[in-house]
Each structure stands twice: as C-alpha cells, then as structure tokens.
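Let me give you the structure first, and then I'll get to my questions.
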Amino acid sequence: MQPQQERRRAEREKYLVLRVYARVLSVLGYGAMVVGALFALLVVAFAEVPVPLRISNAFLALMLGGVYFIILRSTAQAIYLLFDVARNSRASRELLEKSSAPAPPPAPQPRPAPGD
C-alpha cells in the first residue's frame, strides 16, 4: 500500500468517534427537517382549530424543523472543518520539517581575558 493511502487511513481512524458523531448529527439534521415537514402536514390536516391558526402552526413547525436542520448540519460541518484544519496543520508542519535545513552550529564566542 502506498504511504499516502496509509496516512489517510490512519487519519480516518484517528478521530473515529468524532467522525461518527458528525455523521449522526448530519443524519439527525435531515431527520429533523423531515419530522418538521410531516408535523406541519399533520397540523394542517388534522388540527381542530381555525384555518389561520392551522397555517401559522404549520409554518412554525416547518421553521422549527428548518432551524434544527441548520443547527445540526452546521455543527457537523464545523467538526469536519476542524478535521480539515488539523490535516492542513499537520501537512504544513511536515512540509516545513522536510524543507528546512538543519541550522548550523553557533560560532564559538571568544573567551574574555582573565583580567577583564
């Protein structure tokens, strides 16, 4: 296996729990959006209140599902962003370590005379 593929596999295994958590948040975001839409349809169809109140409640259910979707998906994307920052920082450090030559040893300082 090539070294780059091994490194990518090691990166994937490094933060496995956070990756699973981000994936779960992403799926829950879509689930919240679907549940909000279904709840809005149920409110419009089966609520025993006047029509304007049904529509406003359905709109609120849709908005709440959308807000939860945005919060959950943005949290998942923030976790993925942190993974990218860590990967780029590691790559930059490795590149700097490869490109920088070792520093020359410091020049010896002259010793002061015993009477100075």
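Since TYR68 meets every condition but one in (1) without any contact (Cβ under 8 Å) to a residue 24 or more places away in the chain; (2) closer than 30 Å to TYR21 by Cβ, which condition does it not meet?
The single condition TYR68 does not satisfy is (1).
Please specify each residue of the stretch 8-65 satisfying the condition of being closer than 30 Å to TYR80 by Cβ, free of Cβ contacts under 8 Å to residues at least 12 places away in the same chain and not hydrophobic (A, V, I, L, M, F, W, C).
If the condition is that a residue be closer than 30 Å to TYR80 by Cβ, free of Cβ contacts under 8 Å to residues at least 12 places away in the same chain and not hydrophobic (A, V, I, L, M, F, W, C), then ARG8, ARG9, ARG12, GLU13, LYS14, GLY31 are the ones that fit.
Among the listed residues ALA76, ALA32, ALA58, identify the single one that is closer than 30 Å to GLU94 by Cβ and either more than 14 Å from the chain's Cα centre (by Cα) or surrounded by 13 or more Cβ atoms within 10 Å (Cβ to Cβ) (or both). Full working, then the answer.
Values: ALA32 fails: closer than 30 Å to GLU94 by Cβ; ALA58 fails: closer than 30 Å to GLU94 by Cβ.
After applying the criteria, what remains is ALA76.
We did not get these values from a lab; they are worked out from the coordinates using the rules stated. Note that the coordinates shown come from a computational prediction; the quantities given were computed from them, not determined experimentally. In this analysis, Cβ positions are derived from the backbone assuming ideal geometry, glycine residues included, and neighbour counts consider all displayed protein chains.
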